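K.L.:
Questions regarding the structure given below will be posed in turn.
The values are calculated or read from the model by the stated rules, or taken from the named source; none is laboratory data. This one's a predicted model, so the numbers in the text were calculated from it and none came from an experiment. So basically every Cβ, Gly included, is an ideal-geometry build from the backbone, and we count neighbours across all protein chains shown.
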Amino acid sequence: MGLELRIIVIGLLFFIISGASVAITVGVYNVKDYGAAGDGQTDNTKVAFHAAWSVACAVQGKATIVIPEGAYLLGPTIFKGPCNGIMVMQVIGQLLASTHLEAYNQYWLHFQYINGLVISGGGRFNGQGASAWPYNQCKKTQDCKPLPMNLVFSFVMNAAIKSISSIDNMFFHIHIFGSRNITFDSIKISAPGDSPNTDGIHIANSANIQVSNSVIGTGDDCISIGPGCTNLTIFRVLCGPGHGISIGSLGKNAGEKDVIGLYVSKCNLTGTTNGLRIKTLQSSPSTLKASHFRFEQIIMNNVYNPIIIDQNYCPSANCPKR
Ligand SMILES: *[C@@H]1O[C@H](CO)[C@@H](O)[C@H](O)[C@H]1NC(C)=O
Ligand SMILES: *[C@@H]1O[C@H](CO)[C@@H](O)[C@H](O)[C@H]1NC(C)=O
Ligand SMILES: *[C@@H]1O[C@H](CO)[C@@H](O)[C@H](O)[C@H]1NC(C)=O
């Protein structure tokens, strides 16, 4: 009788445990199960990451891609939607950008056409930019290929990016384009103060984007805002080294849209060339507007140009005049 009961109890326990483990693993896709090697040497571009994303993207409901401890070498990769549910990328380890520059076309990791995305986990996106920086020649010559940006979000809606780091990118760290409702919280961005064009977060043609509680130190703008943005909120950002928080340049290209609604508060700019900057080209069309900006509780320490509004901005030698 005693034995029988124990068998039943053990059987029940087993049932509960196996049931629970099934519940945990459903919707979880570990890149290692798709052949990823976290040894820092094996190139994981072709198989592992692409395969895990394709499977997860097809799932209804929430799908979590896990990048566990380890250093995963990866060339240019696009994570493309639309997906059937919310995509969660949990980055615990480190992603390392491949240093074969010829393989890239403007981006390293590109998230596109996704509605519902979460990236978190405390991991790092390492652009391994030091060997690429000498090839940043686009300010000097027209005949050049721009270096890749670390993380690009284009046409992404309803996303939360939190607790990750982007380091030593080759070009911009994060570029947001054509997107809506994205929050960046507790992000750490760093590249040496003398690394070229390593802008922290660049936002263009997007609405309802928020950046908060983050630390950004780079060789260019900490946050820059291009044309066509509405309702951007930035608070509790520590910036430096870098070129500060910048709107523009605006009015350079045909078809640009207004920038309306920017609220920057409780930021600390330390050791930056500029603090808060607005830059427009002299040739910008007079119909283009940049308005409804509010800056509040900004601390500046050792900032060369604390507030600078330049309506005659000229990034190259010959700027068209109006
Ligand atoms: C914005 O995105 C978040 C996910 O990051 C979502 O929870 C929220 O509902 C979205 N808000 C709107 C207005 O769509
Ligand atoms: C502006 O953006 C914030 C945060 O990104 C959001 O909570 C708010 O609803 C947006 N406001 C409008 C009018 O869309
Ligand atoms: C601003 O940031 C700098 C650099 O981290 C720090 O030393 C300073 O105490 C901060 N200032 C305030 C008022 O928080």
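K.L.:
Kindly list, by first and then second residue, each pair from a residue in region 305-318 that is farther than 16 Å from Ser286 by Cα to a residue that is loosely packed, with under 13 Cβ neighbours inside 10 Å and modelled with pLDDT of 85 or more, limited to pairs with Cβ atoms under 9 Å and residues at least 6 apart or on different chains.
P.N.:
none
K.L.:
Now for a different question. Mind checking whether some residue in region 256-269 is of a type in the set (A, V, I, L, M) and outside any strand (DSSP E or B)?
P.N.:
So in region 256-269, the residues of a type in the set (A, V, I, L, M) come out as 259-260, 262, 264, 269.
Among the residues that remain, those that are also outside any strand (DSSP E or B) are: none.
Among the residues of region 256-269, not one is of a type in the set (A, V, I, L, M) and outside any strand (DSSP E or B), which makes the answer no.
K.L.:
Are there strands (runs of 3 or more DSSP E) fully within region 134-252 with at least 3 residues that are closer than 16 Å to Val264 by Cα and either within 16 Å of ligand 3 (Cβ to nearest atom) or modelled with pLDDT of 95 or more (or both)? List them. Outline the logic, then answer.
P.N.:
On the way: elements: 149-162, 165-167, 174-177, 180-185, 188-190, 201-204, 207-217, 223-225, 230-239, 245-250.
Because the criterion is at least 3 residues that are closer than 16 Å to Val264 by Cα and either within 16 Å of ligand 3 (Cβ to nearest atom) or modelled with pLDDT of 95 or more (or both), the strands (runs of 3 or more DSSP E) in region 134-252 that meet it are 180-185, 201-204, 207-217, 223-225, 230-239, 245-250.
K.L.:
A follow-up question, please. In region 196-222, what count of residues is obtained for those that are closer than 26 Å to Pro134 by Cβ and either within 16 Å of ligand 1 (Cβ to nearest atom) or not charged (D, E, K, R) (or both)?
P.N.:
First, pick out the residues of region 196-222 that are closer than 26 Å to Pro134 by Cβ: 196-202, 216-222.
In the following step, the residues that additionally are either within 16 Å of ligand 1 (Cβ to nearest atom) or not charged (D, E, K, R) (or both) were identified as 196-198, 200-202, 216-219, 222.
Residues in region 196-222 being closer than 26 Å to Pro134 by Cβ and either within 16 Å of ligand 1 (Cβ to nearest atom) or not charged (D, E, K, R) (or both): 11 in total.
K.L.:
Also: I'd like the full set of residues that are at positive phi and either among the basic types (Lys, Arg) or within 16 Å of ligand 2 (Cβ to nearest atom) (or both), limited to region 283-302.
P.N.:
So the first thing to find is which residues in region 283-302 are at positive phi, and the list is 292, 297, 302.
Answer for region 283-302, where residues must be at positive phi and either among the basic types (Lys, Arg) or within 16 Å of ligand 2 (Cβ to nearest atom) (or both): just His292.
K.L.:
Would you check which residues across region 78-103 are buried (at least 21 other Cβ atoms within 10 Å of the Cβ) and either of a type in the set (Val, Ile, Thr) or touching a residue at least 60 places away in the same chain (Cβ under 8 Å) (or both) and list them?
P.N.:
Correct list: Val88, Val91, Ala97.
K.L.:
Ok, one more. Just checking, does region 155-169 include any residue being more than 16 Å from ligand 1 (Cβ to nearest atom), under 26 Å from Val259 (Cα atoms) and of a type in the set (A, V, I, L, M, F, W, C)?
P.N.:
Of region 155-169, the ones more than 16 Å from ligand 1 (Cβ to nearest atom) are 165-169.
Next cut, under 26 Å from Val259 (Cα atoms) only: none.
So far as region 155-169 goes, no, none of its residues is more than 16 Å from ligand 1 (Cβ to nearest atom), under 26 Å from Val259 (Cα atoms) and of a type in the set (A, V, I, L, M, F, W, C).
K.L.:
Additional query: In region 287-304, what residues are in contact (Cβ under 8 Å) with a residue 24 or more places away in the chain and either farther than 16 Å from Pro241 by Cβ or in contact with a Phe, Trp or Tyr (Cβ under 7 Å, 6 or more places away or on another chain) (or both)?
P.N.:
Once the filter is applied, which keeps residues that are in contact (Cβ under 8 Å) with a residue 24 or more places away in the chain and either farther than 16 Å from Pro241 by Cβ or in contact with a Phe, Trp or Tyr (Cβ under 7 Å, 6 or more places away or on another chain) (or both), region 287-304 yields Leu288, Lys289, Ala290, Ser291, His292, Phe293, Arg294, Phe295, Glu296, Gln297, Ile298.
K.L.:
Somewhere in region 182-191, is a residue more than 16 Å from ligand 1 (Cβ to nearest atom), of a type in the set (Val, Ile, Thr) and surrounded by fewer than 19 Cβ atoms within 10 Å (Cβ to Cβ)?
P.N.:
no
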